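One structure is given here, and the rest of the page talks about it.
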Amino acid sequence: QLQASGGGLVQAGGSLRLSCAASGRTFSTLATGWFRQAPGKERAFVAAINWNGLSTNYTDSVKGRFAISRENAKNTVSLQMNSLKPEDTAVYYCAAVARFDLLVAGRVDSGYWGHGTLVTVSS
């Protein structure tokens, strides 16, 4: 089970840090990441990190602004979001699945989704 937190309202240019807490013993073996769904749009990939934290992947629009990290000892994954823009406004979801490539491709059918947390960036 995944539980996301940290969303809120922030002005453009500001920062937020999202966290996703996982229960269960297998978290450290899973690739984890973040997706977002903006109003009227489909859910889209944002960032992913592999099981040991050595590989990451970001969608182009957040490169250089967002950073994903994980602490397996605490069963958590975080997304540091800096220089936020109004177009970052969305519900953010954390996800976990066995394979990193599947996560990046958005193929989480065999994995887990957390409940979303709303991020609103005002202009």
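The values are calculated or read from the model by the stated rules, or taken from the named source; none is laboratory data. Note that this is a predicted model, so its numbers are computed, not measured. Please note: Cβ atoms are built from the backbone with ideal geometry, for glycine as well, and neighbour counts cover all protein chains shown. In case anyone asks, the SASA skips ligands and DNA or RNA and just uses the protein heavy atoms, side chains included. Shrake-Rupley method; radii C 1.70, N 1.55, O 1.52, S 1.80 Å.
Values for this structure:
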| quantity | calculated |
| --- | --- |
| Qualifying position, being open to solvent by less than 80 Å² (accessible area, probe 1.4 Å), at pLDDT 95 or above and part of a loop (DSSP other than H, G, I, E, B), among 61, 83, 69, 78 | 83 |
| Close pairs (7 angstrom Cβ cut-off, 6 or more residues apart or separate chains): within 27 Å of residue 14 (Cβ to Cβ) in the range 108-123, open to solvent by 50 Å² or more (accessible area, probe 1.4 Å) and part of a strand (DSSP E or B) anywhere | 114/3; 115/3; 117/5; 120/9; 122/9; 122/11 |
| Answer residue from the range 88-99, given it is without any contact (Cβ under 8 Å) to a residue 60 or more places away in the chain and of a type outside the set (A, V, I, L, M) and is nearest to residue 47 (Cα to Cα) among those | 88 |
| Unique residue being open to solvent by 20 Å² or more (accessible area, probe 1.4 Å), among the hydrophobic types (A, V, I, L, M, F, W, C) and free of Cβ contacts under 8 Å to residues at least 24 places away in the same chain when the list is 9, 54, 102 | 54 |
| Enumeration of residues in the range 29-44 that are modelled with pLDDT of 95 or more, surrounded by fewer than 16 Cβ atoms within 10 Å (Cβ to Cβ) and in contact with a strand residue (DSSP E or B) (Cβ under 9 Å, 6 or more places away or on another chain) | 37, 38, 41, 44 |
| Residue list for the range 1-53, filter: of a type in the set (Val, Ile, Thr) and either farther than 17 Å from residue 74 by Cβ or part of a strand (DSSP E or B) (or both) | 10, 32, 46, 49 |
| Test set (1) of a type in the set (Val, Ile, Thr); (2) under 13 Å from the mean Cα position of the chain (by Cα); (3) open to solvent by 50 Å² or more (accessible area, probe 1.4 Å) - residue 26 fails condition number | (2) |
